[in-house]
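Asks: Below is the structure I would like to discuss, written out as structure tokens.
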Amino acid sequence: MHEEPVLIDPPPAATIDLDGLHALVAVLRDRGYCVVGPTKREGAIVYEEIESADELPAGWTEVQEAATYRLERRDDEARFGYPVGPQSWKRYLLPARVRLWQARKRDGAAPEFVEEPPPERPFALLGVRSCDLHAIAVQDRVFLEGAYVDRDYAGRREGAFLVAVNCGTPGGTCFCASLGTGPRAESGYDLALTELLEGEHRFVVEAGSERGAEVLADLMGHVATPVDIEAALRVTHEAIGMMGRTLDPFDLRDLLARNLDHPRFADAGQRCLTCGNCTLVCPTCFCTSVEDVNVLEDGAAERWRRWDSCYSVDYSHIHGGAIRPSSRARYRQWLTHKFGTWIDQFGTSGCVGCGRCITWCPVGIDVTEELAAIRAADGEVDHANA
Ligand code: SF4
Ligand code: SF4
């Protein structure tokens, strides 16, 4: 018997249908959020501001392999039936280019400094996978929980409302299950959706915060039944077996520390173009540079921050030259930082297993393959001749 939907008086979990998904976007917009969600644009699934759930990539999925990405039609109308797009949410929380301040000097007076204000509307990020929730938590440690709080990141992050989507469609380069960072969102979200395609197309919704429960209470739906809950758990359980890659996380920090001269770094260095793609698509990489822009006739100046990369030769330029002049040195810096010294700095790995660096490396260098090769020859390297 079909029951009419009712206002949800937040239960532990509810189900909503496609109308409910539309209502979720509308409720978030009514509450003043800039809703950013996945949408299909120029042959990719990208994260952009959306005004309605109609803009979600219904019926599309991504095929991802090393150095390969393409969209394909699904044989259903899933709204979240793809792994992770080329962009990560850092595009909004740590934009690729952002003005930090402006200064203006008038009539001999002291310069006047104006700091860049935070975005006018807080973000509601819709469709955040568990790996990317972990990535946001990693960047929170870097920018909010260290000795210094980054003002711009804090302004973007603090009001952000996170709608997670439990992953039922991992890609060929995903390995979050190996790292314990997915596919099911365990914390760090306001609402978590699981899309169910069997039977009626619906979404199980769980609240992970008080404000998530408030938004859920504005939606029409049903209390989730044990059948819904079991179906939702099955989605992520099956996704574990669908990951295209695996990675043995055991002892990675020390494995890398004792293999700094491993010949695999020279091998990867020969293939690596030092293009920096892997760092730009990585949801945790945070290296930036600052640029000062002067407008002489106006007596004005601006300071901008932009993404940079440890693959850029200038990034390690200090007095006397760059300290990582070779592609081998830069590849080694990236890999050993991401999986090793990141743990010393921030108490966590810098990798969440999203697979983007594998998909978007133009020559298909694969972290899981490189680390497995280093592990396979651990202890066999002749360091004197490496
Ligand atoms: S290192 Fe690669 S797989 Fe790991 S989080 Fe970064 S982009 Fe994703
Ligand atoms: S590993 Fe691949 S993506 Fe990264 S800098 Fe080298 S060529 Fe570019």
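So that you can scan it fast, the table gives a plain yes or no per residue for (1) out of contact with any His (no Cβ under 7 Å at 6 or more places or on another chain); (2) farther than 16 Å from Leu255 by Cα:
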residue: Trp334; (1), (2): yes, no
residue: Lys338; (1), (2): yes, no
residue: Trp342; (1), (2): yes, no
residue: Phe346; (1), (2): yes, yes
residue: Cys357; (1), (2): yes, yes
residue: Gly364; (1), (2): yes, yes
residue: Ile374; (1), (2): no, no
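Asks: Looking only at segment 40-59, how many residues end up being surrounded by fewer than 19 Cβ atoms within 10 Å (Cβ to Cβ) and either of a type outside the set (D, E, K, R) or out of contact with any His (no Cβ under 8 Å at 6 or more places or on another chain) (or both)? So that I can check it myself, show each step before the final result.
Replies: Restricting attention to segment 40-59, the residues satisfying the condition of being surrounded by fewer than 19 Cβ atoms within 10 Å (Cβ to Cβ) are 40-44, 46, 48-49, 51-52, 54-55, 58-59.
Okay, now just the ones that are also either of a type outside the set (D, E, K, R) or out of contact with any His (no Cβ under 8 Å at 6 or more places or on another chain) (or both), so 40-44, 46, 48-49, 51-52, 55, 58-59.
The total comes to 13.
Asks: If we keep just the residues of segment 173-205 that are surrounded by fewer than 24 Cβ atoms within 10 Å (Cβ to Cβ) and in a helix (DSSP H, G or I), which is farthest from the chain's Cα centre (by Cα)?
Replies: Ser178
Asks: Looking only at segment 103-122, count every residue that is surrounded by 11 or more Cβ atoms within 10 Å (Cβ to Cβ), over 15 Å from Ala301 (Cβ atoms) and charged (D, E, K, R) and tell me the total.
Replies: Count: 1.
Asks: When you scan segment 291-302, do you find a residue that is outside any helix (DSSP H, G or I) and surrounded by 20 or more Cβ atoms within 10 Å (Cβ to Cβ), even just one? Break it down stepwise before answering.
Replies: First pass over segment 291-302, keeping only residues outside any helix (DSSP H, G or I): 291-295, 299-302.
Next, from what is left, pick out any that are surrounded by 20 or more Cβ atoms within 10 Å (Cβ to Cβ): none.
No, because not a single residue in segment 291-302 is outside any helix (DSSP H, G or I) and surrounded by 20 or more Cβ atoms within 10 Å (Cβ to Cβ).
Asks: Take the conditions under 20 Å from Cys131 (Cα atoms), among the hydrophobic types (A, V, I, L, M, F, W, C) and without any contact (Cβ under 8 Å) to a residue 40 or more places away in the chain and apply them to Phe286. Does it pass?
Replies: On the way: under 20 Å from Cys131 (Cα atoms): yes; among the hydrophobic types (A, V, I, L, M, F, W, C): yes; without any contact (Cβ under 8 Å) to a residue 40 or more places away in the chain: no.
The answer is no for Phe286.
Asks: Please find, among Arg79, Arg70, Arg74, the residue that is among the basic types (Lys, Arg), assigned by TED's automatic domain parsing to the domain that holds Glu158 and over 19 Å from Leu197 (Cβ atoms).
Replies: Details: Arg79 fails: over 19 Å from Leu197 (Cβ atoms); Arg74 fails: over 19 Å from Leu197 (Cβ atoms).
From the options Arg79, Arg70, Arg74, the qualifying one is Arg70.
Asks: With the structure loaded, tell me whether Asp254 is closer than 24 Å to His134 by Cα and not hydrophobic (A, V, I, L, M, F, W, C) or whether it fails that test.
Replies: Working: closer than 24 Å to His134 by Cα: yes; not hydrophobic (A, V, I, L, M, F, W, C): yes.
Judged against the criteria, Asp254 is a match.
Asks: Looking only at residues that are among the small types (Gly, Ala, Ser) and over 18 Å from Ala266 (Cβ atoms) in segment 341-374, which one is farthest from the chain's Cα centre (by Cα)?
Replies: Restricting to residues being among the small types (Gly, Ala, Ser) and over 18 Å from Ala266 (Cβ atoms), the top hit is Gly347.
Asks: Right, another one. Which residues, counting only those in segment 303-316, are within 13 Å of ligand 2 (Cβ to nearest atom) and either assigned to a helix (DSSP H, G or I) or β-branched (Val, Ile, Thr) (or both)?
Replies: Scanning segment 303-316 gives Val313, Tyr315.
Asks: Now a separate question. Please determine, by comparing only the residues of segment 317-332 that are part of a strand (DSSP E or B) and farther than 24 Å from Gly146 by Cβ, which one is farthest from ligand 2 (Cβ to nearest atom). Walk me through it before giving the result.
Replies: Going residue by residue through segment 317-332, those that are part of a strand (DSSP E or B) are 317-318, 321-322.
Narrowing further to those that are farther than 24 Å from Gly146 by Cβ: 317, 321-322.
Numbers: His317: 17, Gly321: 20, Ala322: 15 Å.
Among residues in segment 317-332 that are part of a strand (DSSP E or B) and farther than 24 Å from Gly146 by Cβ, the one farthest from ligand 2 (Cβ to nearest atom) is Gly321.
Asks: Of all residues being surrounded by fewer than 17 Cβ atoms within 10 Å (Cβ to Cβ) and assigned to a loop (DSSP other than H, G, I, E, B) in segment 254-273, which is farthest from ligand 2 (Cβ to nearest atom)? Just the residue, please.
Replies: Among those that are surrounded by fewer than 17 Cβ atoms within 10 Å (Cβ to Cβ) and assigned to a loop (DSSP other than H, G, I, E, B), it is Arg258.
Asks: Next question, about the same structure. Just to be sure I understand, how many residues within segment 42-63 are under 17 Å from Gly20 (Cβ atoms) and of a type outside the set (Asp, Glu)?
Replies: Selection size over segment 42-63: 5.
Asks: Determine whether segment 47-60 contains at least one residue that is under 19 Å from the mean Cα position of the chain (by Cα), over 15 Å from Gly127 (Cα atoms) and not polar (S, T, N, Q).
Replies: Taking segment 47-60 and keeping what is under 19 Å from the mean Cα position of the chain (by Cα), we get 47-50, 56-57.
Restricting the remaining residues to those that are over 15 Å from Gly127 (Cα atoms) gives none.
No, segment 47-60 contains no residue that is under 19 Å from the mean Cα position of the chain (by Cα), over 15 Å from Gly127 (Cα atoms) and not polar (S, T, N, Q).
Asks: Give the residue that is farthest from Leu371 (Cα to Cα), with candidates limited to residues of segment 274-290 that are away from ligand 2 (no atom under 14 Å from the Cβ) and in a loop (DSSP other than H, G, I, E, B). Steps first, please.
Replies: In the first step, residues of segment 274-290 are kept if they are away from ligand 2 (no atom under 14 Å from the Cβ); the result is 283-284, 286, 288-290.
When the remaining residues are screened for being in a loop (DSSP other than H, G, I, E, B), the result is 283-284, 286.
On the way: Pro283: 19, Thr284: 19, Phe286: 22 Å.
That would be Phe286.
Asks: Yes or no: segment 154-172 includes at least one residue that is in a loop (DSSP other than H, G, I, E, B) and under 13 Å from the mean Cα position of the chain (by Cα). Can you show your working first?
Replies: Going through segment 154-172, the residues in a loop (DSSP other than H, G, I, E, B) turn out to be 158-160, 166-172.
So of that shortlist, the ones also under 13 Å from the mean Cα position of the chain (by Cα) come out as none.
The answer is no, given that none of the residues of segment 154-172 is in a loop (DSSP other than H, G, I, E, B) and under 13 Å from the mean Cα position of the chain (by Cα).
Asks: Can you tell me which residue among Ala329, Ala300, Ala372 is outside the structural domain of Ala268 (by TED's automatic domain parsing) and over 19 Å from Cys131 (Cβ atoms)? Give the steps one after another, and end with the answer.
Replies: Values: Ala329 fails: outside the structural domain of Ala268 (by TED's automatic domain parsing); Ala372 fails: outside the structural domain of Ala268 (by TED's automatic domain parsing).
Residue meeting the stated conditions: Ala300.
Asks: Quick one: count up the residues across segment 323-379 that are surrounded by 21 or more Cβ atoms within 10 Å (Cβ to Cβ), away from ligand 1 (no atom under 12 Å from the Cβ) and either of a type in the set (D, E, K, R) or modelled with pLDDT under 95 (or both).
Replies: Of the residues in segment 323-379, 2 are surrounded by 21 or more Cβ atoms within 10 Å (Cβ to Cβ), away from ligand 1 (no atom under 12 Å from the Cβ) and either of a type in the set (D, E, K, R) or modelled with pLDDT under 95 (or both).
The values are calculated or read from the model by the stated rules, or taken from the named source; none is laboratory data. These numbers were taken from a predicted model, which means no experiment stands behind them. Counting neighbours? That spans all protein chains shown, and the Cβs are built from the backbone with ideal geometry, glycine included.
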